[in-house]
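The values are calculated or read from the model by the stated rules, or taken from the named source; none is laboratory data. As the structure is a computational prediction, the values presented were derived from the model and not from experiment. Cβ placement follows ideal geometry from the backbone for every residue including glycine, while neighbour counts extend to all protein chains displayed. When the accessible area is computed, the model is the full protein with side chains, heavy atoms only, and any ligands, DNA or RNA have been set aside. Shrake-Rupley method; radii C 1.70, N 1.55, O 1.52, S 1.80 Å.
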Amino acid sequence: DTAVSQTPKYLVTQMGNDKSIKCEQNLGHDTMYWYKQDSKKFLKIMFSYNNKELIINETVPNRFSPKSPDKAHLNLHINSLELGDSAVYFCASSQGTGVYGYTFGSGTRLTVV
Amino acid sequence: AQSVTQPDIHITVSEGASLELRCNYSYGATPYLFWYVQSPGQGLQLLLKYFSGDTLVQGIKGFEAEFKRSQSSFNLRKPSVHWSDAAEYFCAVGNNNDMRFGAGTRLTVKP
């Protein structure tokens with residue numbers, strides 16, 4: 001039973017399209033995150049939500065909009081996709097402040113052509 | 001703001017040899033420190049963590065790490081590397097739902 005699951009695993013789309021990535025965790029955690037991993041493997045936090053409330057919103061284009069319908073789900077919607085959005089996007093979750101570490105999903109590889 | 005530096009982009013070791021991956025951090029208070037491993041095409045798996053107490057922490061898969069406040073370091077070690085340890089390793093620092101990662105060290109294991 002997967003702890004943090006993301007769908008889809010792969011996403012290939014054309015520039016200008018709008019797409020969504022879904023994330024669900026069954027760990028009972030109260031905080032969820034989106035990270036972007038670029039081609040050099042660098043991981044950058046994008047957003048974090050605690051109990052459906054946005055608590056971190058890094059410098060990310062406003063084409064990226066997270067949505068948390070409940071504390072077990074955090075979806076990422078991307079409008080007007082650009083070539084530079086190609087990356088692997090990871091969802092993660094944690095309990096409390098994250099002192100015990102995060103649990104990561106297996107990632108969504110987004111390719112914009 | 002917190003930050004993490006992993007000085008080594010790529011390390012190659014022979015199977016059975018010892019391993020040390022370096023990590024230096026910058027943080028205004030007592031840091032919470034982590035090491036994660038990422039196998040190709042996979043997500044990140046937590047190897048070990050430090051937030052208080054004994055400065056030598058044990059993790060999964062035979063890894064350990066030592067927190068040295070005076071050096072702002074949290075180096076990862078393993079006495080004998082196995083071929084299955086080949087992966088990308090990330091050091092991270094964080095608290096209050098804000099975890100920052102180093103750039104990663106890619107480990108190659110020679111037969």
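Couple of notes before you dig in:
- The stretch B:6-27, residues that are within 24 Å of residue A:92 (Cβ to Cβ), open to solvent by 30 Å² or more (accessible area, probe 1.4 Å) and part of a strand (DSSP E or B): B:24, B:26
- Filter pass, residue B:73 being polar (S, T, N, Q) and surrounded by fewer than 16 Cβ atoms within 10 Å (Cβ to Cβ): no
- Within the set A:54, A:27, the sole residue that is assigned to a loop (DSSP other than H, G, I, E, B), open to solvent by 30 Å² or more (accessible area, probe 1.4 Å) and either more than 8 Å from every other protein chain (Cβ to nearest Cβ) or under 15 Å from residue A:76 (Cα atoms) (or both) turns out to be A:27.
- Selection count where residues are under 21 Å from residue A:35 (Cα atoms), without any contact (Cβ under 8 Å) to a residue 60 or more places away in the chain and more than 9 Å from chain A (Cβ to nearest Cβ), scope the stretch B:27-47: 5
- Enumeration of residues in the stretch A:1-22 that are open to solvent by less than 60 Å² (accessible area, probe 1.4 Å) and within 18 Å of residue B:46 (Cβ to Cβ): A:3, A:4, A:5, A:6
- Scope the stretch B:54-90; condition out of contact with any Gly (no Cβ under 8 Å at 6 or more places or on another chain), within 14 Å of chain A (Cβ to nearest Cβ) and part of a strand (DSSP E or B); matching residues: B:57, B:74, B:87
- Residue ID - modelled with the highest pLDDT, chosen from residues in the stretch B:33-61 that are open to solvent by 50 Å² or more (accessible area, probe 1.4 Å) and β-branched (Val, Ile, Thr): B:60
- Filter pass, residue A:42 being modelled with pLDDT of 90 or more and either open to solvent by 70 Å² or more (accessible area, probe 1.4 Å) or over 13 Å from the mean Cα position of the chain (by Cα) (or both): yes
- Sole exception among (1) away from chain B (no Cβ under 14 Å); (2) part of a strand (DSSP E or B); (3) touching a residue at least 40 places away in the same chain (Cβ under 8 Å) for residue A:88, by number: (1)
- Conditions (1) under 21 Å from residue A:93 (Cα atoms); (2) loosely packed, with under 15 Cβ neighbours inside 10 Å; number of the one not met by residue B:30: (1)
- All of (1) closer than 16 Å to residue B:43 by Cβ; (2) touching a residue at least 40 places away in the same chain (Cβ under 8 Å) hold for residue A:44 with one exception: (2).
- Odd one out for residue A:60 among (1) open to solvent by 50 Å² or more (accessible area, probe 1.4 Å); (2) not in a strand (DSSP E or B): (1)
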